[in-house]
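What follows is a short report on a single structure.
Where a number appears in this text, it was derived from the coordinates with a stated rule and is not lab data. The structure presented is a predicted model; accordingly, all values stated were derived computationally and were not measured. Virtual Cβ from ideal backbone geometry, glycine too; neighbours counted across all protein chains shown.
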Amino acid sequence: MSEWLVLSIAMASACAVVLTITVINHRRVGEDDDPSETPDVIEYMTMMIGVVYAIVLGLAIAGVWEGRGAAQESVRQEAQALHEVSVRSEVYPAEVRARIRTDVDAYVAHVVNTEWQHMSDHGSLTERGTELLDQVRRDVTDYVPKTDHEGQAYQPLVDQVAAADDARGARGQGAEATMPGVVWFGLIIGAAVAVGLIFTLQIRRTGRELLLAGFYSALIAFLLFLIWDFDAPFGRGLSATAGPFLDLFPNALE
């Protein structure tokens, strides 16, 4: 199911529930009821709870957005490190250089075409990807430099492979959802309380009040969807992309 379809259903459902309850509640109110009699303490508590919940939502959105940014940065670092390995191997003999570049291309192709979808489905890296990166490491470390020029390039190449391995590990850690279940429990309960409290203000069936109630509930549904979407940096609509790999290795995509 499309992410945008999920969002539309969530927002429409939130509006429908709130408006339905409002209409039903209005029918149960007597003709002599006065909406101006809402106690001031209820208005104050409703405002304070709304403010507190808004702060919590803001912190949650900031947290998942930062996680998404870190995931995208790990992808960029990994792609750049592998690109450096491929380019700096130029100083090695043709046979060694070709082997290193072939294995780097094989690893990148696996990441783009296979491992990316695996991360989305299972929240983890593939064993095959680990094997391919280990092969690149062996290509670099097993070669014994024959000249001073090759010797000067050896350690930087080893460092770049280590940087790619480190960035790969960071990418694997970011493949899973980052928001704990208890936080989601608090966000959902908070949303129910925040929306439920608007009924204590004795809203009526006027067009303006119904419109505001619908927009309010739809906004909360949208913000919760946004948190849910960002919570899986590699698995949902607004996720990190394999763009850095494709920019540096344009032939990797099958």
## Note on the structure
For ALA62 and HIS149, extending 7 Å from Cα along the Cα-Cβ vector and measuring point to point gives, in nm, a value of 5.3
#### Entry: Under the Karplus curve 6.51 cos²θ - 1.76 cosθ + 1.60, θ = phi - 60°, whole-Hz ³J(HN,Hα) for the range 179-185, x wherever Gly or Pro sits
7, x, x, 5, 5, 4, 4
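Can you give the convex hull volume per residue for the Cα atoms of the range 58-145, as a whole number of Å³? Could you put the intermediate results ahead of the total?
Details: hull volume 8.6 nm³, N = 88.
Normalising the Cα hull of the range 58-145 by residue number yields 98 Å³.
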### Query
Using θ = phi - 60° and the Karplus curve 6.51 cos²θ - 1.76 cosθ + 1.60, what whole-Hz ³J(HN,Hα) does each residue of the range 63-80 get, with Gly and Pro shown as x?
x, 6, 5, 5, x, 5, x, 5, 5, 5, 5, 5, 5, 4, 5, 5, 5, 5
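Out of the range 119-175, which trypsin sites (Lys or Arg not before Pro) are coil in DSSP terms and have no more than 16 other C-beta atoms within 10 Å?
Working: sites: ARG128, ARG137, ARG138, LYS146, ARG168, ARG171; in loops: LYS146.
Loop-located and lightly packed - LYS146.
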